[in-house]
Amino acid sequence: MAKKVKAIQSPGNFKIALKGKLKSVDAKTLANTLMNFNTLIQEINREAGNENAVALHIKGFKPGALDIACAVGPDPLANHTLFGTSNANAAINGDALVNTMTDILAVKEFLGSRKPKGIKQKDEANIVLKNSQGKTKVVSNNVGNMVFNNPVVNGTINNTFQHLRGIEGVEGLTIKDGAGKSKFKSNRDRFKHLSSSTIDRKKKTAQLIEKSKVSLSIYKLVFGTNNNWDFYYEGNRVSANIIDEKFEKKMLTGQVEFINGDIMIADIEIAQEFNELAKVFENKKYVITKVHEIKHPPAQSKLDFG
């Protein structure tokens with residue numbers, strides 16, 4: 001009998017503590033706080049590229065200030081989906097997810113609801129942030145990317161602390177690891193900074209993708225430089241201008257032979273624009289920068305341009 005696949009590398013135990021003279025808290029506040037932290041953990045896990053879904057598990061309560069014992073584990077609802085099978089090679093590292101979450105919270109508080117005064121690359125894995133007071137903080141590229149570019153992470157944190165600001169009696173929030181060591185701590189007067197969305201870096205709205213030696217099925221060819229050729233590329237019909245002067249000269253002097261079914265092997269540039277509705281970069285323009293060869297159908301020769 002095959003062993004059951006383990007989908008958990010570490011449980012990621014931690015505690016969320018709402019500080020203050022709290023005898024109770026309303027159900028909406030509790031649900032809102034837990035759901036937002038659940039969303040935050042899930043988005044961090046998705047950004048990490050883990051194939052296994054995670055969920056926040058509530059372990060129990062302790063008297064006094066509201067301490068909520070939590071753990072990161074497999075999402076039971078994911079087992080009922082097409083992609084619910086656990087992947088043993090992508091085990092959930094709950095501790096790493098919690099550490100990333102508290103690092104993100106610390107960066108948000110460090111910047112104090114203002115855009116960073118400076119961002120410099122420290123090494124391959126880390127950047128150095130300078131806040132509006134001139135103080136610096138080293139954070140990982142991964143954490144920096146989510147703070148500045150992930151709207152789900154930022155929106156969830158903003159919603160969490162915006163809601164807590166409206167609850168009288170909540171004087172702070174602390175996150176501790178499974179051993180009780182404080183990982184993040186914020187007083188009420190810092191909630192305003194954590195609920196602000198003004199630190200997001202301006203999003204990139206356009207980019208250029210370069211690809212080498214791609215296969216393009218020729219659909220319509222054009223003699224001259226003013227009109228686009230038509231190709232089939234990765235199953236899609238696209239138009240592209242050819243700016244390879246060497247190829248154009250060979251074509252105009254009759255050194256290139258074309259027959260039905262030819263494949264062009266070429267380098268291309270793809271201009272993309274960000275689609276705000278779909279949240280993806282959309283291909284807008286294709287340019288062929290170099291033609292390497294024309295491949296004819298089987299039983300035909302090919303012309304190599306070197």
Wholly enclosed strands (runs of 3 or more DSSP E) of region 168-257 bearing at least 1 residues surrounded by 11 or more Cβ atoms within 10 Å (Cβ to Cβ), touching a helix residue (DSSP H, G or I) at 6+ places or on another chain (Cβ under 9 Å) and modelled with pLDDT of 85 or more: 172-177, 182-187, 236-242
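Across region 261-285, which residue is modelled with the highest pLDDT among those that are outside any strand (DSSP E or B) and acidic (D, E)?
Initial filter on region 261-285 (outside any strand (DSSP E or B)): 261-262, 276-279.
Imposing the further condition that a residue be acidic (D, E) reduces the set to 262, 276.
Details: D262: 93, E276: 69.
Top of the filtered list is D262.
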Any hit, region 256-263, residues being within 15 Å of I209 (Cα to Cα), charged (D, E, K, R) and in contact (Cβ under 8 Å) with a residue 12 or more places away in the chain: no
Members of region 121-135 that are touching a Lys or Arg at 6+ places or on another chain (Cβ under 9 Å) and either among the small types (G, A, S) or over 18 Å from D103 (Cα atoms) (or both): S132, Q133, G134
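A quick yes/no check of all residues on (1) more than 30 Å from P151 (Cβ to Cβ); (2) under 38 Å from the mean Cα position of the chain (by Cα):
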position: W229; (1), (2): yes, yes
position: N241; (1), (2): yes, yes
position: G254; (1), (2): yes, no
position: E269; (1), (2): no, yes
position: N275; (1), (2): no, yes
position: K295; (1), (2): yes, no
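The values are calculated or read from the model by the stated rules, or taken from the named source; none is laboratory data. Keep in mind that what you see is a predicted model, and the values were worked out from it rather than measured. Backbone-built Cβ (ideal geometry, glycine too); neighbour counts: all protein chains shown.
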